[in-house]
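Visitor: Dumping the structure here so I can ask a few things about it.
The values are calculated or read from the model by the stated rules, or taken from the named source; none is laboratory data. Keep in mind that what you see is a predicted model, and the values were worked out from it rather than measured. All Cβ positions, even for glycine, are placed from backbone atoms using ideal geometry, and neighbour counts span all protein chains on display. Side chains included, ligands, DNA and RNA excluded: accessible areas come from the protein's heavy atoms. Shrake-Rupley method; radii C 1.70, N 1.55, O 1.52, S 1.80 Å.
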Amino acid sequence: MKKRKALIFSFIAVVIIAFGSIWMALSGPSALPGAVEPEQRAVFEVKRDDLTISVLEAGTVQARDQVVIKNEVEGRTTILSLVEEGAHVSKGDLLVELDASQLQDALVDQQIRVQNAEAAYIRSRENLEVIRNQARSDVEKAQLDAQFAVEDLRKYKEGDYPKQLMEAESTITIREEELRRAQDKLEWSRVLFKEKYISQTELQADELAAQKAQLDLELAQAELDLLKNYSNKRKLDELESQVSQTAMALERAERKASADVVQAEAELRAKDSEYRREESKLEKIEQQIAKTRLHAPKDGLVVYATSAQANWRGNVEPLDEGQEVRERQELIYLPAPDSVKAQIKVHESVLDQVKEGLPVRITTNALPGRIFQGRVAFIAPLPDAMSVWLNPDLKVYNTDIYLEGDVAGLRTGMSCQAEILIDEIEDALFVPLQSVTVQEGRRVVYVESAHGYVPRPVEIGRNNRRMVHILDGLEEGEKVLLSPPLATGSERREKKENESPVAPPGMND
């Protein structure tokens with residue numbers, strides 16, 4: 001550690017000398033590639049030591065585990081009371097009270113709607129029972145009419161018509177016998193009239209009786225013919241039609257009963273759904289009223305969400321009583337005291353080197369001299385949207401570092417510097433990154449020789465933005481120019497076309 005500190009201090013001194021040398025070189029004659037006089041440039045002696053490859057990024061200290069208290073009241077509402085920031089609260093303590101006056105008015109209106117919906121539901125339920133009862137009655141009556149029609153038809157075919165036919169035939173038989181007797185009597189009366197035993201009047205009476213008997217017989221025969229050929233057919237058609245009509249009436253009654261019941265059931269379901277919906281609205285309003293009072297779910301230290309938030313315009317307006325807040329807006333954080341993380345933004349150029357689980361050293365300006373240990377816990381899969389919006393060419397990825405061990409003194413919102421330790425190269429030759437330049441497509445450094453400082457090709461390895469690992473081309477103790485001479489126009493173009501050694505950490509030759 002002492003050797004590294006000495007190296008850092010010597011590097012700072014060399015940088016100061018290098019800037020002075022550059023200014024003097026720009027003020028004097030133009031520098032040309034090739035040998036350089038020793039007195040013109042600051043030098044650096046090639047070192048051999050352990051070289052740490054790391055990524056240094058700034059970030060913010062945050063609570064790893066914290067309870068976020070959000071406004072869950074729909075729309076926008078106003079803060080009536082607010083716990084003081086920094087206060088220690090216990091589980092169940094009131095943190096925020098929001099305005100619930102409009103919700104209270106809505107609650108009364110909704111209770112009336114619920115009562116009306118309940119009355120409509122009960123009325124529809126009773127109406128369904130009435131319709132079911134009426135439907136059963138209509139169907140039973142139609143079934144009875146259809147049954148009677150069938151029985152009437154069978155009764156006529158098997159009872160009434162045979163009886164009427166028998167009566168008509170019996171009447172004809174009787175009329176025939178009466179006619180035969182009347183005719184016999186008339187013949188006897190005619191004999192007696194000739195013998196002067198009866199009068200003319202008596203003979204005429206017997207003749208009239210014989211004619212009446214003849215007419216009665218003809219009438220009976222006509223009635224029999226009418227019964228067989230007309231009355232029977234008409235009665236059969238009438239009864240069969242009645243059977244058909246009552247059957248169709250039964251079908252209509254059944255369909256109408258079913259339709260009435262289905263309609264009543266549908267109306268009942270609609271009223272039930274409306275009643276449940278109104279009850280659900282009432283329950284929701286009651287829940288919304290309950291959510292206007294936010295209580296602490298656990299013990300903790302109160303941190304206003306606005307204190308840890310910022311946007312591209314600057315810090316957001318501090319949380320305060322009378323302020324209007326929107327739905328799902330974060331209001332208060334209750335961080336866990338012993339669970340801390342640092343959030344940094346890693347540039348895409350070094351993203352391939354930063355892996356989960358790498359060790360990290362954390363320092364803060366608020367606690368100078370203290371170094372906290374941690375590990376990379378999470379790397380966002382997509383670049384930070386706000387950074388991309390502000391600068392489309394800047395791609396950085398939010399990275400969480402979980403701190404381990406003693407974190408006493410760290411507070412949410414503190415600025416910090418995180419050094420992610422990617423690798424440790426043991427016994428490595430290294431020179432300052434600015435000592436390496438490109439000449440004719442090769443990476444070179446200017447090395448001290450008897451003829452001044454001359455360019456020498458080198459092979460480089462990884463770097464940490466300060467020092468670069470020299471794989472081949474230099475020896476320990478050799479002196480190189482800290483600031484190589486300025487290149488000509490063609491060399492600058494060539495250098496631009498080739499890969500520059502001043503690259504992100506870990507870029508290999």
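Visitor: So how many residues does region 378-401 have that are surrounded by fewer than 16 Cβ atoms within 10 Å (Cβ to Cβ), over 27 Å from the mean Cα position of the chain (by Cα) and either modelled with pLDDT of 90 or more or part of a loop (DSSP other than H, G, I, E, B) (or both)?
Guide: 4
Visitor: Identify, please: which residue in region 356-365 is touching a Leu at 6+ places or on another chain (Cβ under 9 Å) and either among the β-branched types (Val, Ile, Thr) or open to solvent by less than 60 Å² (accessible area, probe 1.4 Å) (or both) and is, among those, farthest from residue 402 (Cα to Cα)?
Guide: Ranking the qualifying residues of region 356-365, first place goes to 364.
Visitor: Within region 202-225, can one find any residue that is touching a Leu at 6+ places or on another chain (Cβ under 7 Å) and among the small types (Gly, Ala, Ser)?
Guide: We begin by selecting, within region 202-225, every residue touching a Leu at 6+ places or on another chain (Cβ under 7 Å); these are 206-207, 210, 213-214, 217.
Keeping just the survivors that are among the small types (Gly, Ala, Ser) gives 210, 213.
Scanning region 202-225 turns up at least one residue that is touching a Leu at 6+ places or on another chain (Cβ under 7 Å) and among the small types (Gly, Ala, Ser).
Visitor: If the Cβ limit is 8 Å and pairs must be 6+ apart or interchain, which residue in region 269-287 that is closer than 19 Å to residue 127 by Cβ pairs with which residue that is aromatic (Phe, Trp, Tyr) and surrounded by 13 or more Cβ atoms within 10 Å (Cβ to Cβ)?
Guide: From region 269-287, the pairs are 271/121; 272/121; 274/121; 275/121.
Visitor: Any residue in region 405-421 that is among the small types (Gly, Ala, Ser) sitting within a Cβ distance under 7 Å of a residue that is open to solvent by 20 Å² or more (accessible area, probe 1.4 Å) and not in a strand (DSSP E or B)? List the pairs, counting only those 6 or more apart or interchain.
Guide: Note: pairs meeting the criteria are 409/367; 413/307; 413/308; 415/365.
Visitor: Now, a different point. Being surrounded by 17 or more Cβ atoms within 10 Å (Cβ to Cβ) and either of a type in the set (S, T, N, Q) or within 18 Å of residue 141 (Cα to Cα) (or both) is the filter here, so list the residues in region 209-238 that pass it. Break it down into steps so the answer makes sense when it comes.
Guide: To start, the set of residues in region 209-238 that are surrounded by 17 or more Cβ atoms within 10 Å (Cβ to Cβ) comprises 209-210, 213, 216-217, 220, 224, 227, 232, 235.
Hit for region 209-238 is 232, nothing else.
Visitor: Give region 438-473 a look and list any residue that's part of a loop (DSSP other than H, G, I, E, B), open to solvent by 20 Å² or more (accessible area, probe 1.4 Å) and among the aliphatic types (A, V, I, L, M), or say none. Write out each step before concluding.
Guide: Residues of region 438-473 that are part of a loop (DSSP other than H, G, I, E, B), as a first pass: 440-441, 450-451, 458, 464-466, 473.
Then drop every residue that is not open to solvent by 20 Å² or more (accessible area, probe 1.4 Å), which leaves 440-441, 450-451, 465-466, 473.
The one that is part of a loop (DSSP other than H, G, I, E, B), open to solvent by 20 Å² or more (accessible area, probe 1.4 Å) and among the aliphatic types (A, V, I, L, M): 450.
Visitor: Confirm whether residue 344 is under 14 Å from residue 56 (Cβ atoms) and under 33 Å from the mean Cα position of the chain (by Cα).
Guide: yes
Visitor: Pull up region 408-437, narrow it to residues that are open to solvent by 50 Å² or more (accessible area, probe 1.4 Å) and in a strand (DSSP E or B), then point me to the one that is nearest to residue 353 (Cα to Cα).
Guide: The residue in question is 423.
Visitor: Collect the residues in region 166-208 that are acidic (Asp, Glu), more than 24 Å from residue 220 (Cβ to Cβ) and surrounded by 15 or more Cβ atoms within 10 Å (Cβ to Cβ), keeping them in residue-number order.
Guide: None; the set is empty.
Yes/no matrix, rows are residues, columns are (1) hydrophobic (A, V, I, L, M, F, W, C); (2) exposed (fewer than 12 other Cβ atoms within 10 Å of the Cβ):
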| residue | (1), (2) |
| --- | --- |
| 306 | no, no |
| 317 | no, yes |
| 331 | yes, no |
| 347 | no, no |
| 354 | yes, no |
| 370 | no, no |
| 373 | no, no |
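Visitor: Kindly indicate which of 215, 227 is over 30 Å from residue 148 (Cα atoms) and either out of contact with any Asp or Glu (no Cβ under 8 Å at 6 or more places or on another chain) or at pLDDT 85 or above (or both).
Guide: Being over 30 Å from residue 148 (Cα atoms) and either out of contact with any Asp or Glu (no Cβ under 8 Å at 6 or more places or on another chain) or at pLDDT 85 or above (or both) holds for just one of 215, 227, which is 215.
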